[in-house]
Amino acid sequence: MDASVISIEELAKKFRQSLFLRGFSRASLSVLRPCQNSGLLTSDLAGLGLILAGDLMINLAEARVIYGAGDEFFIPAQTYYQATGGEFGTQFLFAKQRLGFN
């Protein structure tokens, strides 16, 4: 295997290890079935995620972005958004900002 290629497992490990330093809680695994929509969501805390498999479309008021395996995404606090699983669904890690972290 090419040494420049990093596995998704290695990315997930590095992501989880970096969360505390970046001001986020422990990540939990989330799964969306193909084309499953989360409905309208918001939080008082920012969110940070890492796509493990599949695609995830995030709809914000000002943008629609599609993320794939290995991509990180950020959801600002007090932001309304929807998440939709791709054609084959998606699996991702998601952590929320710790209270009092700035």
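The values are calculated or read from the model by the stated rules, or taken from the named source; none is laboratory data. Just so it is clear, the model here is predicted, and its values are computed rather than measured. With ideal geometry, Cβ positions are generated from the backbone for all residues, glycine too; neighbour counts draw on all protein chains shown.
The table below gives the values:
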read-out: Residues (touching a strand residue (DSSP E or B) at 6+ places or on another chain (Cβ under 7 Å) and not in a strand (DSSP E or B)) located in region 82-102; value: Arg98
read-out: Within region 3-21, considering residues that are within 18 Å of Ala69 (Cβ to Cβ) and surrounded by fewer than 10 Cβ atoms within 10 Å (Cβ to Cβ), the one modelled with the highest pLDDT; value: Glu9
read-out: Cβ pairs under 7 Å, 6+ apart, first in region 34-55 and under 20 Å from Tyr80 (Cα atoms), second among the aromatic types (Phe, Trp, Tyr) and outside any strand (DSSP E or B); value: Leu40/Tyr80; Thr42/Tyr80; Leu50/Phe15
read-out: Per-region count, region 73-102, residues more than 15 Å from Asp44 (Cβ to Cβ) and among the charged types (D, E, K, R); value: 1
read-out: Of all residues making up region 59-81, the number that are part of a strand (DSSP E or B) and under 21 Å from Ser25 (Cα atoms); value: 5
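Results for (1) over 12 Å from the mean Cα position of the chain (by Cα); (2) among the polar types (S, T, N, Q); (3) surrounded by 12 or more Cβ atoms within 10 Å (Cβ to Cβ), shown as yes or no for each residue.
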{"position": "Leu60", "(1), (2), (3)": "yes, no, yes"}
{"position": "Ala63", "(1), (2), (3)": "yes, no, no"}
{"position": "Tyr67", "(1), (2), (3)": "no, no, yes"}
{"position": "Tyr80", "(1), (2), (3)": "yes, no, yes"}
{"position": "Phe92", "(1), (2), (3)": "no, no, yes"}
{"position": "Lys96", "(1), (2), (3)": "no, no, yes"}
